Amino acid sequence: KAVVSTQSTGDNGLDRRTAEQSKHSANVSVFVFIHKVDGLPDDQREEEQKRIETSIRDELNHAADITLNFKTWLTSVYEYSIFHALSDVNEKLIDHLLPTFEDLLHRLKITCCMDTTLLMDVSAKCYIAKDNDFTDHNKYEMCCDMLDLYTDIANIYSHQPYDDDSYSCVILHQVTAPEVMLTKYLRNNLILVCLLQESCLKERGIINQNIRKFSKGIGKVLQVQSEKPCS
């Protein structure tokens with residue numbers, strides 16, 4: 001379970017409504033989005049984050065009836081920090097499926113010598129899961145830009161930009177060496193995004209075969225999940 005609380009810079013502590021809601025829910029995680037940080041200089045953003053975190057801890061220490069886990073994110077709608085934060089919430093909401101998704105992504109990455117594999121929500125531009133070694137958030141932001149471009153171009157020719165056959169291969173000319181971004185639409189608004197070196201394309205047949213296996217694996221996981229009775 002997850003609760004999202006949005007605060008502006010300059011606020012103090014956790015709003016009482018969020019605290020009360022969390023108190024009556026077991027195993028809940030609270031995500032505090034410190035919003036509108038674009039108005040602060042870079043050197044003041046971390047200071048503001050630490051100040052609000054300290055304020056929340058002090059409030060919780062004085063409230064003996066409230067115990068909760070919280071995490072803060074500096075967010076802004078003018079760059080990708082809001083998508084990073086929402087992706088973190090998504091991972092919490094599917095924590096029972098996350099290890100399976102991450103394992104499938106990691107196996108695909110290792111088998112095909114890829115650099116990065118992400119499972120993303122094509123509309124929200126949030127990642128649902130990432131491979132076990134993922135650390136480069138700049139690549140995630142680049143993937144968001146490319147998905148926007150792909151969707152805009154596809155919308156010119158169709159009212160439904162994605163279907164079961166949707167697949168793309170884009171060569172990105174980087175400073176060091178050309179990199180390739182592969183995307184494959186899966187189902188339920190999920191899309192697989194892979195980054196790999198252009199030299200790996202010589203094994204294109206093996207890559208496509210493994211992507212098909214990955215798609216089937218994700219489909220089986222989602223089918224099993226949908227057949228479980230609601231608690």
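The values are calculated or read from the model by the stated rules, or taken from the named source; none is laboratory data. Only a predicted model underlies this, so the values are computations on that prediction, with no experimental measurement involved. Cβ sites come from the backbone with ideal geometry, for glycine too, and all protein chains shown count toward neighbours. Quick note on the areas: whole protein, heavy atoms, side chains included, nothing else; ligands and nucleic acids left out. Shrake-Rupley method; radii C 1.70, N 1.55, O 1.52, S 1.80 Å.
Confirm whether Asp152 is assigned to a helix (DSSP H, G or I), within 23 Å of the chain's Cα centre (by Cα) and loosely packed, with under 11 Cβ neighbours inside 10 Å. Considered against the rule, which asks whether it is assigned to a helix (DSSP H, G or I), within 23 Å of the chain's Cα centre (by Cα) and loosely packed, with under 11 Cβ neighbours inside 10 Å, Asp152 comes out as yes. Scanning segment 99-133 for residues that are over 14 Å from Leu192 (Cβ atoms) and surrounded by fewer than 17 Cβ atoms within 10 Å (Cβ to Cβ) returns Pro99, Asp103, Ile110, Cys113, Ser123, Ala124, Asn132, Asp133. The set of residues from segment 39-54 being closer than 14 Å to Ser81 by Cα and open to solvent by 70 Å² or more (accessible area, probe 1.4 Å) comprises Asp42, Glu46.
The condition of being modelled with pLDDT under 90, of a type in the set (A, V, I, L, M, F, W, C), closer than 30 Å to Val224 by Cβ and open to solvent by 50 Å² or more (accessible area, probe 1.4 Å) holds for only one of Ala2, Ala26, that being Ala26.
Applying the criterion of being open to solvent by less than 40 Å² (accessible area, probe 1.4 Å) and touching a residue at least 60 places away in the same chain (Cβ under 8 Å) to the residues of segment 79-98, the residue that is nearest to Lys213 (Cα to Cα) is Leu97.
Residues in segment 83-131 that are under 29 Å from Thr6 (Cα atoms), part of a loop (DSSP other than H, G, I, E, B) and not acidic (Asp, Glu) were compared, and the one that is nearest to the chain's Cα centre (by Cα) is Cys126.
For segment 160-231, which fully contained strands (runs of 3 or more DSSP E) count at least 2 residues that are loosely packed, with under 13 Cβ neighbours inside 10 Å?
Fully inside segment 160-231 and qualifying: 167-172.
One residue is enough: does segment 214-231 have a residue meeting the conditions closer than 16 Å to Met114 by Cα and aliphatic (A, V, I, L, M)? No: segment 214-231 contains no residue that is closer than 16 Å to Met114 by Cα and aliphatic (A, V, I, L, M). Do we find that Phe31 is crowded, with 18+ Cβ neighbours inside 10 Å, under 16 Å from the mean Cα position of the chain (by Cα), farther than 25 Å from Asp145 by Cα and modelled with pLDDT of 85 or more in this structure? Considered against the rule, which asks whether it is crowded, with 18+ Cβ neighbours inside 10 Å, under 16 Å from the mean Cα position of the chain (by Cα), farther than 25 Å from Asp145 by Cα and modelled with pLDDT of 85 or more, Phe31 comes out as yes.
In segment 134-148, what count of residues is obtained for those that are part of a helix (DSSP H, G or I) and open to solvent by 70 Å² or more (accessible area, probe 1.4 Å)?
Here the count works out to 3.
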